[in-house]
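Engineer: Quick one: the structure is below, questions incoming.
The values are calculated or read from the model by the stated rules, or taken from the named source; none is laboratory data. The model shown is predicted, which means the values in this text are computed figures rather than measured ones. Note: ideal-geometry Cβ built from the backbone for every residue, glycine included; neighbour counts use all protein chains shown. All accessible areas refer to the heavy atoms of the entire protein, side chains included, with ligands and DNA or RNA removed. Shrake-Rupley method; radii C 1.70, N 1.55, O 1.52, S 1.80 Å.
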Amino acid sequence: MILFENARLWDGFAEASLPGMSVLVEGEVIREVSDRPIASAATRVDLKGRTLMPGLIDAHVHVVASLANIAANAMLPDAVVAFRAGRLMHEMLMRGFTTVRDLGGATLGLRMAWEEGLITGSRLSICGKALSQTGGHCDFRGRADTRDFGFFAARLGSLGRLVDGVDEVRRAAREEIKGGADYIKLMANGGVASPSDPIAFFGFSESELRAAVEEAEMAQTYVAAHLYTDAAIARAVRCGVRSLEHCNLITEATAREAAAAGAIACPTLVTYQALKEEGASLGLGPESVAKIDDVRLAGLESLERMHKAGLMMAFGTDLLGPMHRRQSEEFLIRREVLPAAEILRSATSHAAKLLCQEGRLGVVAPGALADLIVVDGDPLADLAVLTEQGAHLPAIMQGGRFVKNQLA
Ligand SMILES: [Zn+2]
């Protein structure tokens, strides 16, 4: 048992933090939160007024993407992909991200390795392979490459797999759920990092989208979809998609419809900034570089529109390869247009809602998992204390266990 004392507590929801709080951790869960001293035989940790808050959640990552060129990434040997994924997960954890949602690539094996303690890294919520139509955002073959479409499904370094038609979508969704997927990911719009799909392309027919949504609902889960353009977002919401990834070109009217439908958006602005600055030098193809500004320039305005429309947002980054080090810069980009408390909620309680883990993750409350970070400074006043690779996080706890502790 661990008893945190004299903490400035931010619980994952509130507009402000509370000084002088005590939090008791027993096993892997938070047992008690109080503004008075807690009588307990637990090991006492005096935080001396430092901030204690829920571990961060990045709701859009690809832990298998160790290269910026995702076509080349799909060709890496599986074992290399797995070891590099373990390193990326560890670096994410050390930045304070105790949980990440992987939007394509990570499979059951990585989660098993994490559960067995072979990897000390962020906890994973996975979709297995993202589903893409032929020529869609996970078809990395290039126009003249006619390899069989089944090639990608078997490669750990591939973010997705190719499926066409309602029956194939159903089979693939069922296979991913059987293989441990927590939700289903669809590529329902063109993308930057793939060779043959301009941003405005729709991915999948409406009947395919609805089939995936039905399969997910049969398994008590949801569909997340890769989306940029307003028309594609509106179509996805109409078909029952719950998790709207990126959303750079959304209008306020569609954002209002999405909010009314109970959808949650997951913008990922830092990746476009990183691709713009570093993509070409890291091997991103010229056809991809040419597409970056189609979505990058609209980013901040889309945040303002979604906020105004009351559409809940989760924190996402979507970084590739060496650009992963910029993960926490997303906080600073959003700060240009959003209040700090709202941004912190997006990386805690709102992300937990998106992951269907309300009350268990992203909150400091009795019964929640003890995923906690200790911050030198006040993130509500200055989000930069969450950047610099965890330099201002003297302690990180995951499931009741210290994975970093410099408090002693
Ligand atoms: Zn992604």
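Engineer: Restricting to the stretch 260-294, name every residue that is touching a strand residue (DSSP E or B) at 6+ places or on another chain (Cβ under 9 Å), at pLDDT 95 or above and either in a strand (DSSP E or B) or surrounded by fewer than 23 Cβ atoms within 10 Å (Cβ to Cβ) (or both).
Structural biologist: Ile264, Ala265, Cys266
Engineer: Taking the stretch 233-254 on its own, how many of its residues are within 15 Å of the ligand (Cβ to nearest atom) and charged (D, E, K, R)?
Structural biologist: The qualifying residues number 1.
Engineer: Any residue that is part of a loop (DSSP other than H, G, I, E, B), of a type in the set (A, V, I, L, M), within 16 Å of the ligand (Cβ to nearest atom) and in contact with a Cys (Cβ under 6 Å, 6 or more places away or on another chain) - is there at least one of those in the stretch 298-314? Break it down stepwise before answering.
Structural biologist: Filtering the stretch 298-314 for residues part of a loop (DSSP other than H, G, I, E, B) gives 298, 310-312, 314.
Next, from what is left, pick out any that are of a type in the set (A, V, I, L, M): 298, 311-312, 314.
Those still in the list that are within 16 Å of the ligand (Cβ to nearest atom) too: 314.
From what's left, in contact with a Cys (Cβ under 6 Å, 6 or more places away or on another chain): 314.
Yes, because at least one residue in the stretch 298-314 is part of a loop (DSSP other than H, G, I, E, B), of a type in the set (A, V, I, L, M), within 16 Å of the ligand (Cβ to nearest atom) and in contact with a Cys (Cβ under 6 Å, 6 or more places away or on another chain).
Engineer: Do you know which residues across the stretch 72-102 are in contact with a strand residue (DSSP E or B) (Cβ under 7 Å, 6 or more places away or on another chain) and not small (Gly, Ala, Ser)?
Structural biologist: Taking the stretch 72-102 and keeping what is in contact with a strand residue (DSSP E or B) (Cβ under 7 Å, 6 or more places away or on another chain), we get 92-94, 96-102.
Selection gives Met92, Leu93, Met94, Phe97, Thr98, Thr99, Val100, Arg101, Asp102.
Engineer: Only one of Ala154, Ala173 is within 25 Å of the chain's Cα centre (by Cα) and free of Cβ contacts under 8 Å to residues at least 24 places away in the same chain. Can you tell me which?
Structural biologist: Ala154
Engineer: Right, Ser66: within 16 Å of the ligand (Cβ to nearest atom) and surrounded by fewer than 24 Cβ atoms within 10 Å (Cβ to Cβ) or not?
Structural biologist: Values: within 16 Å of the ligand (Cβ to nearest atom): yes; surrounded by fewer than 24 Cβ atoms within 10 Å (Cβ to Cβ): yes.
For Ser66, the condition - within 16 Å of the ligand (Cβ to nearest atom) and surrounded by fewer than 24 Cβ atoms within 10 Å (Cβ to Cβ) - is met.
So that you can scan it fast, the table gives a plain yes or no per residue for (1) in contact (Cβ under 8 Å) with a residue 60 or more places away in the chain; (2) more than 20 Å from His62 (Cα to Cα); (3) more than 16 Å from the ligand (Cβ to nearest atom); (4) surrounded by fewer than 18 Cβ atoms within 10 Å (Cβ to Cβ):
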| position | (1), (2), (3), (4) |
| --- | --- |
| Gly316 | yes, no, no, no |
| Met323 | yes, no, no, no |
| Glu358 | no, yes, yes, yes |
| Val363 | yes, yes, yes, no |
| Leu380 | yes, yes, yes, no |
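Engineer: A further question follows. Search the stretch 34-63 for residues being farther than 27 Å from Phe331 by Cα and β-branched (Val, Ile, Thr), and hand back the single one that is farthest from the ligand (Cβ to nearest atom).
Structural biologist: First, the residues of the stretch 34-63 that are farther than 27 Å from Phe331 by Cα: 34-46.
Filter once more, so that each one left must be β-branched (Val, Ile, Thr): 38, 43, 45.
Values: Ile38: 42, Thr43: 40, Val45: 37 Å.
That would be Ile38.
Engineer: Now, a different point. Check whether at least one residue in the stretch 71-87 is open to solvent by 10 Å² or more (accessible area, probe 1.4 Å), acidic (Asp, Glu) and under 25 Å from Val270 (Cα atoms), and report yes or no. Give the derivation first.
Structural biologist: Residues of the stretch 71-87 that are open to solvent by 10 Å² or more (accessible area, probe 1.4 Å), as a first pass: 71-72, 75-80, 82-84, 86-87.
Still in the list and also acidic (Asp, Glu): 78.
Filter once more, so that each one left must be under 25 Å from Val270 (Cα atoms): none.
Scanning the stretch 71-87, I find no residue that is open to solvent by 10 Å² or more (accessible area, probe 1.4 Å), acidic (Asp, Glu) and under 25 Å from Val270 (Cα atoms), so the answer is no.
Engineer: Same structure, new question: Select from the stretch 218-231 the residues that are outside any loop (DSSP other than H, G, I, E, B) and either within 21 Å of the chain's Cα centre (by Cα) or at pLDDT below 95 (or both) and write down the one among them that is nearest to the ligand (Cβ to nearest atom).
Structural biologist: Of the stretch 218-231, the ones outside any loop (DSSP other than H, G, I, E, B) are 218, 223-231.
Going one step further and asking which of them are either within 21 Å of the chain's Cα centre (by Cα) or at pLDDT below 95 (or both), we end up with 223-229.
Working: Val223: 15, Ala224: 10, Ala225: 11, His226: 6, Leu227: 11, Tyr228: 12, Thr229: 16 Å.
Out of the qualifying residues, it is His226.
Engineer: Looking at the stretch 260-279, I want the residues that are closer than 16 Å to Arg242 by Cβ and have a partner that is open to solvent by 40 Å² or more (accessible area, probe 1.4 Å) and not in a loop (DSSP other than H, G, I, E, B) with Cβ atoms under 9 Å, at least 6 apart or on another chain. Which pairs are those?
Structural biologist: Cβ pairs passing all conditions: Ala261/Arg238; Ala263/Glu257; Ile264/Lys353.
Engineer: Moving on to the next point. Restricting the stretch 310-348 to residues that are within 30 Å of Asn73 (Cβ to Cβ) and among the small types (Gly, Ala, Ser), which is modelled with the lowest pLDDT?
Structural biologist: Checking each candidate, the answer is Gly321.
Engineer: May I ask you to verify whether Val385 is touching an Asp or Glu at 6+ places or on another chain (Cβ under 7 Å) and more than 14 Å from Ile30 (Cβ to Cβ)?
Structural biologist: Details: touching an Asp or Glu at 6+ places or on another chain (Cβ under 7 Å): yes; more than 14 Å from Ile30 (Cβ to Cβ): yes.
Yes, satisfied.
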